[in-house]
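Asker: The structure that follows is given in the form of structure tokens.
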Amino acid sequence: MTGRSELDNCVLQWVQNPLPLTERPFRELAQQAGCSEADAIAAIRRLKEQGYIRRYRAQLDYKRLGRVATLVTASVPTEKLDTVAAGVSAIEGVSHNYLRNHKFNLWFTCQDESFERIEAILGKLTGQTGVEFRALPAETVYKLDVRFDPAGPSEKDFLAGGYQPAGETGEVVELTADQRQALRLLQEDIALTVSPLSPDLLKIAQKLSDKGVIRRIAAVLDHRKLGYTVNVMLAAVVEKARMDAAGKAMASRAAVSHCYQRRTFAGWPYNLFAMIHAGRMEDVQRFIDELAEEYRICDYTLLPTVREFKKKPVFYS
């Protein structure tokens, strides 16, 4: 039992989908939930106040904005951890920063205008902290789709589904002054009103969506409050001939929110990464054991999330 009403679960499912770019987008939710538009909006507000909805805003394709990103790791001594983590979190281009249970214990994502600029940032960090930072850029994106079942974790999260390609990112989009201003507004949480987007903002949002700059306007839920308390990053060594098959198999599971082939570095042979969310560690282990047997994965490591230092989207101005 979740302790939430059927309406609450319907709302939490719906808000993770793309917001309809219409004058009154919440009417569709009301129709699906069998309630009034006012009740649907009130439910979203309440669930946001209760912390189930962390944010509700535009999710952007950073590549369309001329940005690059990479996963970064470091082995940070315990006595330096808080200081180093705070320094990392203070970087504007860092969106996620976690402590994980491994020798390489600090993991974060960093964005900027080029990989050269990111390397410069990491070099400066090394000079300030005495800690070496290693970048693991993505070579293939198999999945980037963070959604959770409001009913909570279950065995069906690990059932194979149809593989949906992550999609190729197109060319960089040059934004007009009006589009930049609109993008600044759309990165704030949307107003929970009957008509959250003005007619002018709605038109620009549709254009930015058509160009791929806006992936979707949707809510991000607090998965831990839904019962997804086990959050583990898998890093596996996968042979090149089996990489695509293994990556797609991983990505087809609802329990997996992110899946990438990444560049390795000396002392780190793992090239397939996946973020797995569940309610029990034994469910994750069983899933990994099955995948390892099917795709002949002999070497992997599991890196559970121990502490969240930062989880905040990069703001584009």
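What follows draws every value from the coordinates through simple rules; no lab data is involved. Note that this is a predicted model, so its numbers are computed, not measured. Positions of Cβ are generated from backbone atoms using ideal geometry, with glycine treated the same way; all protein chains shown enter the neighbour counts.
Asker: Would you mind checking which residues have amide H under 5 Å from ASN101's amide H? H placed 1.01 Å from N; only 5 or more apart, or other chain.
Answerer: Counting only residues 5 or more places away or on other chains, the set is VAL306.
Asker: Take the range 96-155, drop everything but the C-alpha atoms, weight them equally and run the Debye formula without solvent; then report log10 I(q)/I(0) at 0.17, 0.22, 0.26 Å⁻¹ to two decimals.
Answerer: -0.79, -1.08, -1.26
Asker: How large is Rg/Rh for the range 1-117, to two decimals, with Cα atoms and a Kirkwood Rh?
Answerer: The Rg/Rh ratio comes out at 1.13.
Asker: Taking the number of other C-beta atoms within 10 Å as the exposure measure, put LYS225, LYS103 in order starting with the fewest.
Answerer: With the sparsest Cβ surroundings first, the list reads LYS103, LYS225.
Asker: Calculate the length of the line joining the C-alpha centroid of the range 266-317 to that of the range 19-33, in whole Å.
Answerer: Here the two parts' Cα centres lie 35 Å apart.
Asker: A further question follows. Can you sort LEU185, LEU21, LEU159 by how many other beta carbons sit within 10 Å, fewest first?
Answerer: LEU159, LEU185, LEU21
Asker: Using the Karplus curve 6.51 cos²θ - 1.76 cosθ + 1.60 with θ = phi - 60°, what ³J(HN,Hα) values do you get for each residue of the range 181-192, in whole Hz, with x for Gly and Pro?
Answerer: 5, 5, 5, 4, 5, 6, 7, 8, 4, 5, 5, 8
Asker: Based on Cα coordinates alone, diagonalise the gyration tensor for the chain, multiply each eigenvalue by 5, take square roots, and list the semi-axes in whole Å, largest first.
Answerer: 32, 25, 19
Asker: What is the fewest-to-most order of TRP14, TRP268 by other Cβ atoms lying within 10 Å of their Cβ?
Answerer: TRP268, TRP14
Asker: Please report the net charge: other residues with Cβ closer than 11 Å to the Cβ of LEU136, K and R +1, D and E -1.
Answerer: +2
Asker: Taking the Cα centre as origin and putting +1 on Lys and Arg beta-carbons and -1 on Asp and Glu beta-carbons, what dipole magnitude results for the chain, to the nearest 20 debye?
Answerer: 400
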